[in-house]
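Enquirer: Once you've had a glance at the structure underneath, I'll fire off some questions.
We did not get these values from a lab; they are worked out from the coordinates using the rules stated. On a predicted model such as this, the values are computed, not experimentally measured, just so you know. Using ideal geometry, Cβ is built from the backbone for each residue, glycine included, and neighbour counts are taken over all protein chains shown.
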There are 4 protein chains.
Amino acid sequence: MTLRIGVIGTGAIGRDHMRRINQTLSGAKVTAVSDVNIESVRTARADLAPEAEVVGSGEELAASAGVDAVVVTSWGATHEQYVLAAIAAGKPVFCEKPLSTTAAGAGRIVEAETAFGRRLVQVGFMRRYDAGYRMLKAVVENEIGRPLMVHAAHRNPSVPEQYITPMAIQDTLIHEIDVLRWLLDDDYVSAQVISPRRTRHAHARVEDPQIVLLETKSGIRIDVEIFVNCRYGYDIQCQVVGEEGLASLPDPMAVVMRKDAKLQSAIMTDWKDRFIDSYDLELQDFIKAAARGTASGPTAWDGYVAAVSSDACVEAQSQPGSIVPISLPARPALYN
Amino acid sequence: MTLRIGVIGTGAIGRDHMRRINQTLSGAKVTAVSDVNIESVRTARADLAPEAEVVGSGEELAASAGVDAVVVTSWGATHEQYVLAAIAAGKPVFCEKPLSTTAAGAGRIVEAETAFGRRLVQVGFMRRYDAGYRMLKAVVENEIGRPLMVHAAHRNPSVPEQYITPMAIQDTLIHEIDVLRWLLDDDYVSAQVISPRRTRHAHARVEDPQIVLLETKSGIRIDVEIFVNCRYGYDIQCQVVGEEGLASLPDPMAVVMRKDAKLQSAIMTDWKDRFIDSYDLELQDFIKAAARGTASGPTAWDGYVAAVSSDACVEAQSQPGSIVPISLPARPALYN
Amino acid sequence: MTLRIGVIGTGAIGRDHMRRINQTLSGAKVTAVSDVNIESVRTARADLAPEAEVVGSGEELAASAGVDAVVVTSWGATHEQYVLAAIAAGKPVFCEKPLSTTAAGAGRIVEAETAFGRRLVQVGFMRRYDAGYRMLKAVVENEIGRPLMVHAAHRNPSVPEQYITPMAIQDTLIHEIDVLRWLLDDDYVSAQVISPRRTRHAHARVEDPQIVLLETKSGIRIDVEIFVNCRYGYDIQCQVVGEEGLASLPDPMAVVMRKDAKLQSAIMTDWKDRFIDSYDLELQDFIKAAARGTASGPTAWDGYVAAVSSDACVEAQSQPGSIVPISLPARPALYN
Amino acid sequence: MTLRIGVIGTGAIGRDHMRRINQTLSGAKVTAVSDVNIESVRTARADLAPEAEVVGSGEELAASAGVDAVVVTSWGATHEQYVLAAIAAGKPVFCEKPLSTTAAGAGRIVEAETAFGRRLVQVGFMRRYDAGYRMLKAVVENEIGRPLMVHAAHRNPSVPEQYITPMAIQDTLIHEIDVLRWLLDDDYVSAQVISPRRTRHAHARVEDPQIVLLETKSGIRIDVEIFVNCRYGYDIQCQVVGEEGLASLPDPMAVVMRKDAKLQSAIMTDWKDRFIDSYDLELQDFIKAAARGTASGPTAWDGYVAAVSSDACVEAQSQPGSIVPISLPARPALYN
C-alpha cells in the first residue's frame, strides 16, 4: 500500500522532497527519478533513494508502470510538459510553483485536467499549510466579521543581482497572491503598483521597495509591501481588518530575551526556515490524496488564477499610477 | 512673572484649558475670558477662574492690557479673526485646530505673522507632544536609516450621524497630516483615496473605511487607513519603514492579563484618553514661550500646510483612482 | 528495514502512539499488540493496525521474534515489569511516564540496563522535544551567561476530584523536574514547598496553588508555581535568569486580535494541545535509535532521578517550612 | 493661595523637588531653604528659588512663619528630627524615604502625629503614584479575583562598591515592601531569604542575587527577586496571580523596532527614568493636601511598617533557611 512516487528534477528542491518522502513522511517511497542532468540524478538516487530507478525522461517517468504519482521539481519552464504528461497518464501530480511560466500554459493544464474529469494536480503553494495562516483563517472566518482590508508585507534581507523588478511579483508576491485568495475566499479584479523612495541597498535592476494594491470582487482592498532588501530579516506580515475586529498572522515562535538594555527576540533571516513545516504537510497531504487516485490542496485552477493575477501586477509595475484590471474566465465546475 | 492668559471660547475644550492653566500647569493664570454665549462664560469663570475678567468680545480680550497671551478655543469658523486680533496686538496666541477652516484663511494668518516678524502663533496639534510619537521620532532619526514608507491607521469605535465623508479628512486624518510631516520632516506632493468595501456599521453619509495614499517630496509613500466605525477601540497605529529597519509607535501602556483563556490587555475606546498628557505638555510649552513673548511648537505655517494638504485629500475623495497634486508656496523664512 | 514495533497497553495513549507509528511517522510499523483488556486490544488492532498480531502478555510480546522494539503504554504500575522484559530480550523500549511508580523500581531498571551494557530505554519525557524548550536551551547555553535562577509555572484550568495533593508533584511537577534538569544540565540537592492562600476553586483534597523551591548542585534556585485550578488556561511558563540576561520559554503561537476593546490572543485550555508536536518527535527519535539497536532521548537514569526528586518534593509537601535534601548515587558510566 | 514650602536638604533630590515646585507643579513656591552645607544651600537657592530665604537650621525652617509646609530631603539619619519639628509646628511635611533609619524612630513619628490628631506626614513612596501600578491595582481589585501569589523582581544593571548586602533590603526591596502592601491591602507576617548562585558581576560585599519570600496575613505568598548586578537594565516586574486570572505590571512604553534580525524594544538602564512621572504626581498631591492643612498618600504608619518589615528581612538575610516572623502593634485609628 506504499505509494510509489516518481520525482522529475533532482535539484535542491527535488532532493529535499525525496528526503521528505523517504525519511520523514508516511505512506510513500521514491521509486523513480529523472533529470536532464545525469550527474544530478545519479547523486540524488545514491544519497536519498538507492532503490529508485533512473528514468530517461520526465515523460517516460510519468508513464512508467512503477510509478503511482509524480512530483515535478524541474526547471520552471518544463513544469507544464511534465504535468500534462502525468495527466495524460491519469496520475496524481504535485507540481512546484509555478504551475507554468505563462498563464496560457497554466490554462492548458486546467483544460487537460478538466477534460480528464477528476482532480490530479496539486500546486506547491505551501503557505496554505502553515499553522499560522491556518490559525488566521479560522479567526477571519469566525471572529472578526466580514473582511474589509488586508495590510501585508513580504520582506527579505537581500536579493542577488539576478533578481529583477518583475520577480518581485513572480517570485515574491506570488505567495501572497495565492494565500490571500485562499484566506479571503475571493478573487482579484484590479491591481496598482506604487514605487516608494528606493532603498540604497537595492542593486540597479530592481525597484525596491514596491507596494501592490489589489482589489477583490467583494471590494476588499489589499496593500502588500514588497521589500526584498529590507536588511533586518525574512519577515511575513498579514493583518486582516474586519467589520468587528482585526487579526494578525502570528510571528514565528521565538525566545524572548532581556539583554543588553533590550527586550528582544530573534527574527528569521533565511526564508527556508519560515515555512519549513508546511513543506512536510503539503506533501503528506498529496500522498494521502494520491493514494486515493486524486489530488488535494491548491488546484491547477489556483495556479492559473495566480498566473493571470501575477501578469496583471507585472503590467501595473510598468504603468505608474494606473489601475490594471484582472479578469478571469468562469471557474470550471471541477474546482467548485 | 505669572503669565496672564485670556481665553476666547469657554466650551468644553476652553474649560479644559482653563482648568489646566489654573490647576495643573506652572507659570500662568487665566485673567480674562470671553464667549459669545454669556451663560457659558459666566459658568466657566465661576467654576474655574473666579478672578478672571469677563470681556465682551474676543477682539477686546486680545487687546486688553490685562492679557499677556491668548488661547483661542472658540468655534472653528471664528479662529482666524481671533488669531489675527492677537497678532495685531503683538501677543502670543495658542489656537486649537483648525487654525482656520480654509487654506486661504490660514494663509492670511501666515502673512500677518510674517509681517509682524516674530513667531506668535502655536497651533494645537498636540500629537507632537505625545511621549510615544517623540520616542518614535528619536528612533526614526537615529536608528532605522532613511524612511521609505509609513503604514498608519486611525480608528474610532464609531462616529455620530453628523460625521460625514469629508470629516474623515478634516477632523480625523488632519492629525496624521500634521504629525507625519513633523515625524518625517517632509512635505506632501500628492494624494490618492481608496474606498474599500463598506462596513455595515457605517451610517449612510460616511464612506468608511477609507485609505489615503500620500507621497512626499523625498518619495516616501504613506498609507493611512481611516476607519471610524471600527467597533473595537480608539486605536492609532504608525509604522515607519526605513532602509535599515522598522519602528512602530508604541501602544499605550496597559496591564497584561491572563484570564478567560485569553492573553489580553485593554484598548482605549475614548479618544480623549489617548493623548491626554499631550494637552498638558503643549500648553506648558506655550506658556514658557509666551513668557518670552514668542511661540513654540506647531506654527501657523504648519496650520496652513495642513489646510492645503487636507483640501487635496478631500478633492481626492471625490475622484476615485486619481492622484491629486499638492503644491505649496515657498516657506517663509520665519518658519525655517 | 521497517522497524517492527510491539505496543503493550492499548488505552488512549497506546492507541495514540499506534496511530502515530502507522500513519504519521517514518520507518516503523506496529506488528504486535497486547493488553490485559482483550476488548481494548482487539478494537485498537482493528482500528489502527489490522496486520498486527495480538499477543497474550506483555512479556510474550517483548520476547516475540516478530518484534524489534517495544512501546510500553500500559497502566503505570506495570511499566517496570515490561521494561525489564524488553531489556531481558535486548530490545529497545520506549516507556511512557513514569518509568516506575517507585524510585526503587526505576533503580532496578537502571541496574538491568547497566548490566546489559547498552542503552535500550527511552522515557517519555516529551518536553525535551518541544520546539520552544529547544529554542530556550539554545539561548540558555549561548546567550545569557551562567544560569542563576529559574522562575517557572505549571497551570491547569482545573483538575478532577481524584487529583489529590501529591499528584501536584507526581503528575504535574514531574515534567518540570525532568525538563529543568535537562535545560540546566544540573541535579537537585534540596526541595521546599510553600502553600499560599488556597483558591476557592480547589476541591477539598488538593492543596492549590503550591510553590516548589528547588536548589541545584551548582546553586541555581528554582521556583515553580503549581496551580491546577487556575481557571484561565493550560499555561506553562519558564524564565531563566542568567548572569548576562534573561530568557523566557515562548508562548505557543497565536493570532493576535484587536476586538471588543481588547488586544487579545487565545491561551490553550487543553494540555493535550500544548506539546502535541513533541509526541511525534520523541517517537520518531525512538524509531531512529531503535533501528540501530539502541535508545536516544531521556534515559532510564533520568527516569530514576525524576522519581527520587519527586519523592523528596512529596515529603516536603508534608513538612511546611522545612528543606528536604535530595541525594543521588553516583551516575553509572553508561549515562555519561 | 500659593502654598509656601520650606525645603530641608538641598542635595540632588532636594534640588529636584525645588525645581518641580517652582517650575512644573501648580499651587506652591519654595520660600525657605536650609542645609548643613552652606555652599549647597546658596547654590540651590540661586539656581532654583532666588526669592527663598536661607534659614539656619531645619528646626528653624519648620517653625518659620514664612513656611506653610515642609519638604525633608536631607541625609536619611536626620529625617526623624525634622519631621518631628514639622509636626511640632503643626505643618504638613513631605519626607523622602526612609521616614527614619530605625523602626523605633519611625514609631516616634507615628506617636507624635497620632498625638497631634491629624495627618501631617507624607512619605516619599512614589511608586504608589506610578501610572502602571495604578492600572495594576485597578485590575487586581476588579478583575482577577482574590490575590493568591505575587511574583516580583527588582533589577539594577549594577551597584557601586558601597552597596552592601543589607542595602538590597533597605534601599531596594523597601519599594516592593511598601507598594505590595498598598497593592494587596495587606500586611506581612513572615520573611525568608534565599541566596542563589552568585553572579560573577557582584563585588565582594554584596550577596547578589537574592530572593525574598514574604507571607501576608491573608496567606498571600510573595517572591521578590532582587538582582542588582543584572547587567541588562533597570527592570521592575510584578505579577499578581489571582483566583480568576493573572495581571502584570506593564513595562514602560517603548518603540518596537525590527532591526538586525531582532524584534526589539529598549529597556531603561537608569532607575531615575523609571518612575519619573511619579515624583511630580506625589508632590502635587502633597501640595493639594497641604493647602488644606493635612497630608495624603503614604502615611507615617506606612513608613513605620516598612521599617519593621525591612528589619525582619535583614534578619532573615543572616539566617539562611529560617522564617523570620514580622509582628506589628495595632494600627492607630488615625490611619484607618
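Enquirer: In vacuum, with every alpha carbon of the stretch C:107-197 counted as one equal point scatterer, what does the Debye formula give for log10 I(q)/I(0) at q = 0.22 Å⁻¹? Two decimals, please.
Expert: -1.27
Enquirer: Next question, about the same structure. So for the stretch A:1-145, taking the charge dipole from beta-carbon charges (+1 Lys/Arg, -1 Asp/Glu), which of A:I5, A:G107, A:S64 sits furthest toward the positive end?
Expert: Toward the positive end, the furthest listed residue is A:I5.
Enquirer: Next question. What list of whole percents do you get for P(r) of chain D, with Cα-Cα distances grouped in 20 Å bins up to the one holding the largest distance?
Expert: Reading the bins upward from 0: 30, 57, 13, 0.
Enquirer: I'd like to know which of C:G233, C:V206, C:V139 lies farthest towards the positive end of the charge dipole of chain C, counting +1 on Cβ of Lys and Arg and -1 on Cβ of Asp and Glu.
Expert: Checking the options against the dipole of chain C, the answer is C:G233.
Enquirer: Based on alpha-carbon atoms only, what is the radius of gyration of the stretch B:169-258 relative to the globular estimate 2.2 N^0.38 Å? Before the final figure, lay out each step's value.
Expert: Values: Rg = 15.0 Å, N = 90, 2.2 N^0.38 = 12.2 Å.
Relative to the rule-of-thumb radius for its length, the stretch B:169-258 sits at 1.24.
Enquirer: Separate question: Taking each pair of different alpha-carbon atoms in the stretch C:152-200 once, compute 1/r for the pair, average those values, and report the inverse of that mean as the Kirkwood hydrodynamic radius in Å to one decimal.
Expert: 12.7
Enquirer: Give me C:I276, B:I226, C:I38 sorted ascending by neighbouring Cβ count inside 10 Å, so fewest comes first.
Expert: C:I38, C:I276, B:I226
Enquirer: While we're here: Under 8 Å for C-alpha pairs, at least 6 residues apart: give me the relative contact order for the stretch D:191-312, rounded to a whole percent. Write down the numbers at each step before the final one.
Expert: Details: 116 pairs, mean separation 17.1, N = 122.
With pairs under 8 Å counted, the relative contact order is 14 percent.
Enquirer: Report the label-to-label distance for C:K272 and D:T24 in nanometres (one decimal), using points 7 Å from each Cα along the Cα→Cβ vector.
Expert: 5.7
Enquirer: Could you check which residue among C:D285, C:D208, C:D270 shows the biggest mean-square fluctuation in a GNM of chain C with a 10 Å Cα cutoff?
Expert: Its mean-square fluctuation being the largest, the pick is C:D270.
Enquirer: Summarise the partner chain shielding of D:140-152 as one whole number: the mean count of Cβ atoms from other chains within 10 Å of each residue's Cβ. Don't skip to the end; give the middle numbers.
Expert: Working: counts 1, 0, 0, 6, 6, 5, 4, 2, 10, 8, 1, 7, 0.
Mean shielding by partner chains, rounded to a whole number: 4.
Enquirer: Continuing with this model, one more query. With N set to the number of residues, divide the alpha-carbon radius of gyration of the stretch A:186-336 by 2.2 N^0.38 Å and report two decimals.
Expert: Against the empirical 2.2 N^0.38 Å value, I get 1.30 for the stretch A:186-336.
Enquirer: Another question, then. What is the average number of partner chain Cβ atoms found within 10 Å of a Cβ in B:219-227?
Expert: Mean partner shielding for this stretch: 4.
Enquirer: How large is the convex hull of the Cα atoms of the protein assembly as shown per residue, expressed in Å³ as a whole number? Intermediate values should be presented prior to the final figure.
Expert: On the way: hull volume 256.4 nm³, N = 1344.
Per residue, the Cα convex hull of the protein assembly as shown comes to 191 Å³.
Enquirer: Any chance you could check the Cα centroid distance between the stretch D:264-315 and the stretch B:228-284 for me, in angstrom?
Expert: 27
Enquirer: Show me the helices of chain D, taken as full DSSP H stretches, that run 18 Å or more along their long axis by Cα and average 0.0 or above in Kyte-Doolittle hydropathy.
Expert: D:103-116, D:300-317
Enquirer: On the first, second and third principal axes, largest extent first, how far apart are the outermost C-alpha atoms of the stretch C:297-336 in Å?
Expert: Its Cα atoms span 37, 18, 9 Å along the three principal axes.
Enquirer: Here's another thing I want to ask about it. Which of B:S322, B:V255, B:F286 sits farthest toward the positive end of the charge dipole of the stretch B:222-326, with +1 on the Cβ of Lys and Arg and -1 on the Cβ of Asp and Glu?
Expert: About the Cα centre, the residue reaching furthest to the positive side is B:V255.
Enquirer: Could you work out the Kirkwood radius for the stretch A:34-125, taking every pair of different alpha carbons, averaging 1/r and inverting it, reported in Å?
Expert: Radius from the Kirkwood sum: 13.5 Å.
Enquirer: How are the C-alpha pair distances of the stretch D:266-321 spread across 10 Å bins, as whole percents from the shortest bin up?
Expert: P(r) over the stretch D:266-321, rounded to whole percents: 19, 25, 33, 19, 4.
Enquirer: So, one more: Please tell me the relative contact order of chain D in percent, rounded to the nearest whole number, where contacts are Cα pairs under 8 Å and at least six residues apart.
Expert: With pairs under 8 Å counted, the relative contact order is 20 percent.
Enquirer: Of C:R127, B:R118, C:R134, how do they rank once you tally other Cβ atoms within 10 Å and put the fewest first?
Expert: B:R118, C:R134, C:R127
Enquirer: Can I ask one more? Report the Cα centroid-to-centroid distance between the stretch C:125-201 and the stretch D:116-160 in angstrom, as an integer.
Expert: First find each Cα centre; the distance between them is then 29 Å.
Enquirer: Enter the mean number of other protein chain beta carbons within 10 Å of the beta carbon of each residue in C:129-135, as an integer.
Expert: Across C:129-135, the average partner-chain Cβ count within 10 Å equals 2.
Enquirer: Given contacts defined as C-alpha pairs under 8 Å and at least six residues apart, what's the relative contact order of the stretch B:1-101, whole-number percent?
Expert: 29
Enquirer: Continuing with the same structure: Of the candidates D:E53, D:E282, D:E243, which one comes out as most mobile in a Gaussian network treatment of chain D with C-alpha springs shorter than 10 Å?
Expert: Taking springs between Cα atoms under 10 Å, the residue moving most is D:E243.
Enquirer: Determine the dipole magnitude for the protein assembly as shown: charges of +1 sit on the beta-carbon of Lys and Arg, -1 on that of Asp and Glu, nothing else is charged, the reference point is the Cα centre, and the result goes in debye to the nearest 20.
Expert: Result for the protein assembly as shown is approximately 0 debye, rounded to the nearest 20.
Enquirer: For the protein assembly as shown, what is the mean residue ellipticity at 222 nm derived from helices alone (per DSSP H run of n ≥ 4: -39500 (n - 2.57); sum divided by total residues; nearest 500 deg cm²/dmol)?
Expert: -10000 deg cm²/dmol
Enquirer: Please state the charge dipole magnitude for the stretch C:147-230, taken about the Cα centre, from unit charges on C-beta atoms (+1 on K and R, -1 on D and E), reported in debye and rounded to the nearest 20. Please list the in-between numbers first.
Expert: On the way: 8 positive and 12 negative charges, 73 e Å.
Result for the stretch C:147-230 is approximately 360 debye, rounded to the nearest 20.
Enquirer: At D:R118, with labels set 7 Å past Cα in the Cβ direction, how many nm apart are the copies from this one, shortest first?
Expert: The answer, with the shortest distance listed first, is 4.7, 9.1, 9.6 nm.
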